[in-house]
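What follows is a single structure, written as structure tokens, with notes after it.
The values are calculated or read from the model by the stated rules, or taken from the named source; none is laboratory data. Remember, it's a predicted structure, so these values are computed and weren't measured experimentally. With ideal geometry, Cβ positions are generated from the backbone for all residues, glycine too; neighbour counts draw on all protein chains shown. Quick note on the areas: whole protein, heavy atoms, side chains included, nothing else; ligands and nucleic acids left out. Shrake-Rupley method; radii C 1.70, N 1.55, O 1.52, S 1.80 Å.
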Amino acid sequence: DGSHHDTHGGALMPDILLSSLRRGMDSVASCPTKRCLTVYVAPWCGHCQAATPRIIAVRDYLEEKGVTTRVVVGKDSAEACGNYAESFGPDTLLDPQGAWPVGGVPHFFISDGSGAVLRHQGGAPDTEDPAAFAAALGLP
């Protein structure tokens, strides 16, 4: 299906500060729970738009499992990023300048409390079921 699963020993989430829609600044590397899912999407990305309801559903599912999910919207104008970020809520992070050079979108990163990347993959799992979606990413 073209998606790839990588495990990089020693890779860290970038410690860059991004502004959220309405909650101030947050570091991409911060993870308040044992594991975090960070999803990077872009407004012009059809696959991202199609996956939006599934990303929101998996975020709600993982929250119950003690996994924090953050969404970063980037690679477009501030206005386009802000408009798309509204879909995900006030804590969505914005990266219109592309400070975080993520390759393809959507991209899913699993990290731990120290900011270490445990796993990442490009492309959204092809399932409507939040539990199966999370399992495809290696969560919870």
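What to note about this one:
- Shown in residue order for the range 124-135 are the 3J(HN,Hα) couplings computed by the Karplus curve 6.51 cos²θ - 1.76 cosθ + 1.60 at θ = phi - 60°: 7, x, 8, 8, 8, 7, x, 5, 5, 4, 4, 4 Hz (x for Gly and Pro).
- Per-residue surface analysis assigns Asp91 an accessible area of about 80 Å², computed on protein heavy atoms at 1.4 Å probe radius.
- Mean accessible surface per residue for the chain, computed with a 1.4 Å probe while every protein chain stays in place, in Å²: 47
- The chain, accessible surface, carbon-and-sulfur percent (1.4 angstrom probe): 53
- For the range 39-120, averaging the sequence separation of C-alpha pairs within contact (under 8 Å, six or more residues apart) and dividing by the residue count gives a relative contact order of 34 percent.
- Each peptide in 65-75, 130-140 was scored by the mean count of other Cβ atoms within 10 Å over its residues; highest first, the order is 65-75, 130-140.
- Relative contact order computed over the chain (Cα-Cα under 8 Å; 6+ residues apart), in percent: 34
- Going by accessible surface with a 1.4 Å probe and the largest first, Leu118, Leu94 read Leu118, Leu94.
- Unmatched cysteines, the chain - criterion: no other Cβ of a Cys under 4.7 angstrom: Cys81
- Between Asp112 and Trp44, the modelled labels are 3.8 nm apart [label points 7 Å from Cα along Cα→Cβ].
- Cβ-defined net charge surrounding Val28, 12 Å radius [Lys, Arg +1; Asp, Glu -1]: -2
- When the chain is treated as a GNM with alpha-carbon contacts under 10 Å, the residue of Gly123, Gly98, Gly82 showing the greatest mean-square fluctuation is Gly98.
- Once the C-beta distance of Thr33 and Asp126 is scaled by a Förster radius of 41 Å, the resulting FRET efficiency is 0.95 to the nearest 0.05.
- Computed Kirkwood radius, in angstrom, where 1/r is averaged over Cα pairs of the range 76-119: 12.1
- The calculated pair-distance distribution of the chain uses every alpha carbon pair, bins of 5 angstrom beginning at 0, and gives 2, 11, 22, 26, 23, 13, 3, 0 percent.
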